[in-house]
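What follows is a set of notes on a single structure, which appears directly below.
The values are calculated or read from the model by the stated rules, or taken from the named source; none is laboratory data. Quick caveat: nothing in here was measured; it's all calculated off a predicted structure. Reconstructed Cβ throughout: ideal geometry from the backbone, glycine too, with neighbour counts over all protein chains shown. Just the protein is used for accessible areas: all its heavy atoms, side chains included, with ligands, DNA and RNA removed. Shrake-Rupley method; radii C 1.70, N 1.55, O 1.52, S 1.80 Å.
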Amino acid sequence: MKRYFVLAVALTAAAACTGPSSVSSPDGHIKVDFALSDGVPYYSVSVDGKPFIEQSRLGIAAAESDLSGTFSSAGSSLSSHDEVWTQPWGENKSIRDRHSELRVNLKNGSGVKLAMVFRVFDDGLGFRYEYEVPGTDTVRVNDELTEFNFASDARSWSIPGNFDTYELTYRDLPLSAVEDANTPVSFRTEDGIYASVHEAALVDYPEMTLRKTSGTRFTSALAPLPDGVKAVVGGTFKTPWRTVQISGSAVGLINSALILNLNDPCVLEDTDWIRPMKYVGVWWGMHLGINSWTADARHGATTSEAFRYIDFAAANNIEGVLFEGWNDGWDTWGARQDFDFTSPAKDFDIRKVTQYAASKGVSYILHHETGGNVPNYERQLDTALAWAAEMGIHALKTGYAGGMPGGNLHHSQYGVRHYQKVIDEAAKYKIMVDAHEPIKPTGLRRTYPNFMTREGARGMEWNAWSDGNAPEHLEILPYTRLLAGPMDYTPGTFDILFENIKGNPNLRQWNMKPATECRVHTTLAKQLADWVIIYSPLQMASDLIENYEGHPAFRFFRDFDADCDWSEALQGEIGEYVAVVRRAGDRFFYGATTDSSPRTLVQPLSFLEDGKDYTAVIYADGEDADWLTNPQSYEITERTVTSTDTLEVRMAAGGGQAITFIPCHEQSEKAPGDD
Ligand code: NOJ
Ligand code: CA
């Protein structure tokens with residue numbers, strides 16, 4: 001039956017289309033076909049000549065007009081594009097955008113014009129809708145009808161579909177067993193094709209999730225506004241790109257720049273003030289429950305504590321410091337959410353602290369927890385940012401830990417608009433943003449490079465007060481959430497078993513479980529490796545600084561450069577292991593991690609510059625290390641290597657390895673107290 005249907009569609013298309021109706025990737029191995037059947041648009045995708053996405057519907061259901069049917073062709077065109085562009089920061093500072101484009105112009109009986117734009121790259125495709133609806137300047141989108149009708153089943157990794165949070169555990173399921181999922185949804189077919197569905201350039205529109213209709217057929221499910229409408233847009237509007245990354249290897253997905261390539265170039269005139277950095281902060285103590293955000297006897301963000309953190313940062317080549325709980329309003333968290341963004345806590349002298357940080361050359365990272373109270377935040381936003389800028393602050397972490405008012409969902413058009421407003425306002429004051437409880441990244445960092453990083457998945461915090469993140473969480477993230485963009489996971493806990501807080505009289509349970517019943521589910525070496533693997537231009541060493549002071553492994557963080565120039569994911573399998581290298585200037589940083597199985601990787605060093613000697617400082621799991629039974633066993637060794645060498649990267653169960661490659665004539669950063 002199905003075969004006849006596909007044939008019929010193809011015949012109708014041939015009759016209906018004036019101009020080209022298919023487009024192939026520059027290397028020819030991915031092909032997209034467009035078709036009209038009884039006035040309804042469809043697309044399909046083949047990879048190496050085999051069906052990959054079968055006939056899948058396109059269109060939008062709207063209140064004002066028919067946006068989904070009675071279409072006929074109004075001509076189509078093909079074009080190609082090949083350009084290298086640069087960005088102020090990123091995994092790679094320079095990126096090639098090489099694609100072929102098919103633009104199909106359609107019009108229907110209601111006078112609606114639709115351009116379906118398909119861009120096909122060697123590593124996947126994106127398509128979007130460009131609508132012109134006559135006679136109205138408002139269109140209410142009730143549903144988007146985009147289908148993804150995958151040709152075969154696959155092993156998939158995703159979190160459940162949810163319009164309010166991404167802080168969920170990953171599922172490893174046959175695609176056919178997934179009922180709904182947030183993107184990126186990644187999968188591997190039996191033919192060995194790796195793919196990931198996501199979206200690019202999400203502006204003024206709700207997020208797209210996938211919902212199963214049957215078998216391996218999915219439809220787009222958009223986050224709704226409180227009245228059930230999905231989006232309110234103008235009469236002329238474009239949707240975000242719907243994207244499918246495709247590769248012959250798992251790491252090929254990580255090395256793809258497709259999401260960034262589908263975003264618009266940078267709109268900021270001056271980007272000199274935007275720069276990646278490493279940071280520490282008054283943070284983990286609250287999550288462990290030995291400090292409080294409120295200004296009581298257990299208050300973490302006091303002026304004296306701030307000075308201690310600044311001193312540590314300055315002495316250890318750490319560029320930024322975050323102080324959570326610096327302001328008034330924390331006593332309303334979880335209730336009225338009345339945070340005050342210009343009123344410092346009584347024991348926190350923000351002027352003194354910002355001045356001290358500046359005198360030490362350390363950047364102050366401001367914190368705005370909103371509790372999800374968007375109206376309260378937007379009322380204060382301009383004043384709060386102006387005040388921060390006047391104190392010389394250029395970095396801001398935001399947070400939305402709590403429901404948004406009026407039944408608005410974090411990932412709805414309401415949420416998307418708000419997150420964008422903060423980025424736009426922050427840019428005016430030359431402030432970089434790290435958003436927690438955010439909208440997922442869709443590559444907008446290319447257009448607005450002050451949107452540095454964000455959370456948007458289960459981060460380190462979950463280890464402090466819940467069953468935590470399973471070892472393989474960190475081998476799934478790079479192939480799913482991290483394909484979308486940087487994440488402020490905050491790796492770097494050294495006191496893996498929270499031994500150093502046992503018996504602390506200030507310890508309280510404040511969330512799901514007491515910290516004494518919790519732990520981090522990795523080895524110590526894996527914490528270091530994740531600084532390389534989990535790309536974040538604002539990279540936090542999460543632990544209490546007393547757990548770092550004098551610790552030999554902290555040298556890795558001192559030496560690390562968050563401002564890399566080039567990156568490559570070298571080897572890995574989804575949910576099993578991953579190895580990544582980044583270059584910053586003439587230094588290379590390597591990180592590899594494994595799930596709960598021990599593993600040894602054979603790692604050629606061909607990424608190093610030929611003919612140069614490097615000192616490799618190797619931070620490995622100890623012989624007897626094991627994430628479950630002996631997580632803190634590690635060893636640091638040094639050897640001289642060149643690009644022709646191959647290393648055996650031995651990793652314990654739930655472990656990893658981090659390596660710094662420094663040209664032999666250079667010194668690694670000195671520890672405090674060294675000559
Ligand atoms: C949740 C954020 O993810 C975390 O980093 C922050 O400390 C708390 N909210 C409080 O703002
Ligand atoms: Ca969070």
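Quick notes on this one:
- Exactly one residue out of Ala484, Ala435 is away from ligand 2 (no atom under 12 Å from the Cβ) and aliphatic (A, V, I, L, M): that is Ala484.
To keep it simple, each residue is scored yes or no on (1) in contact (Cβ under 8 Å) with a residue 60 or more places away in the chain; (2) out of contact with any Phe, Trp or Tyr (no Cβ under 9 Å at 6 or more places or on another chain).
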site	(1), (2)
Ser247	yes, no
Asp264	yes, yes
Glu269	no, yes
Ile274	yes, no
His287	yes, no
Ser304	no, yes
Arg308	yes, yes
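- Residue match in segment 321-344 (condition: assigned to a helix (DSSP H, G or I), in contact (Cβ under 8 Å) with a residue 60 or more places away in the chain and out of contact with any Gly (no Cβ under 7 Å at 6 or more places or on another chain)): no
- For Ala562, the stated conditions hold: it is outside any helix (DSSP H, G or I), aliphatic (A, V, I, L, M) and in contact with a strand residue (DSSP E or B) (Cβ under 6 Å, 6 or more places away or on another chain).
- For segment 21-41, a tally of residues being under 26 Å from Lys113 (Cβ atoms), open to solvent by less than 10 Å² (accessible area, probe 1.4 Å) and of a type outside the set (Gly, Ala, Ser) returns 5.
- Selection of segment 573-587 for residues being in a strand (DSSP E or B) and open to solvent by 10 Å² or more (accessible area, probe 1.4 Å) yields Glu573, Tyr577, Arg582, Arg583, Arg587.
- Residues in segment 291-319 that are of a type in the set (A, V, I, L, M), part of a helix (DSSP H, G or I) and farther than 15 Å from Gly281 by Cβ: Ala315 only.
- Residue check for Ile476: under 19 Å from the mean Cα position of the chain (by Cα) and away from ligand 2 (no atom under 16 Å from the Cβ): yes
- Candidates Ser596, Ser606, Ser633 - the one that is of a type in the set (Ser, Thr, Tyr) and either without any contact (Cβ under 8 Å) to a residue 40 or more places away in the chain or within 16 Å of Ile533 (Cα to Cα) (or both): Ser606
- Residue in segment 245-256 that is more than 16 Å from ligand 1 (Cβ to nearest atom), at pLDDT 95 or above, among the β-branched types (Val, Ile, Thr) and assigned to a strand (DSSP E or B) present: yes
- Residue identified as open to solvent by less than 20 Å² (accessible area, probe 1.4 Å), more than 25 Å from the chain's Cα centre (by Cα) and away from ligand 1 (no atom under 16 Å from the Cβ) among Ile290, Ile274, Ile310, Ile318: Ile310
- Scope segment 399-449; condition among the hydroxyl-bearing types (Ser, Thr, Tyr) and touching a helix residue (DSSP H, G or I) at 6+ places or on another chain (Cβ under 6 Å); matching residues: Tyr429, Tyr448
- Complete set of residues in segment 348-385 that are within 16 Å of ligand 1 (Cβ to nearest atom), under 24 Å from the mean Cα position of the chain (by Cα) and within 22 Å of Arg275 (Cα to Cα): Ile365, Leu366, His367, His368
- Verdict on Arg119 being crowded, with 18+ Cβ neighbours inside 10 Å, closer than 22 Å to Pro441 by Cα and not small (Gly, Ala, Ser): yes
- Looking across segment 234-258 at every residue that is open to solvent by 10 Å² or more (accessible area, probe 1.4 Å) and within 18 Å of the chain's Cα centre (by Cα), the one that is nearest to ligand 2 (Cβ to nearest atom) is identified as Ile254.
- The single residue among Thr169, Thr213, Thr183, Thr219 that is within 27 Å of Thr138 (Cα to Cα), of a type in the set (S, T, N, Q) and either outside the structural domain of Val422 (by TED's automatic domain parsing) or open to solvent by less than 50 Å² (accessible area, probe 1.4 Å) (or both) turns out to be Thr219.
- Scanning segment 510-519 for residues that are touching a Leu at 6+ places or on another chain (Cβ under 8 Å) and either β-branched (Val, Ile, Thr) or more than 16 Å from ligand 1 (Cβ to nearest atom) (or both) returns Pro514, Thr516, Arg519.
- Considering residues of segment 328-347 that are under 30 Å from Trp273 (Cα atoms) and aromatic (Phe, Trp, Tyr) only, the residue farthest from ligand 2 (Cβ to nearest atom): Phe341
- Single residue of segment 122-175 satisfying the filter (β-branched (Val, Ile, Thr) and in a strand (DSSP E or B)) that is nearest to Pro226 (Cα to Cα): Val141
- Verdict on Phe127 being of a type in the set (Phe, Trp, Tyr) and more than 29 Å from the chain's Cα centre (by Cα): no
- Against the criterion of being more than 20 Å from Asn463 (Cα to Cα), assigned by TED's automatic domain parsing to the domain that holds His436 and either within 16 Å of ligand 2 (Cβ to nearest atom) or at pLDDT below 95 (or both), Gly325 qualifies.
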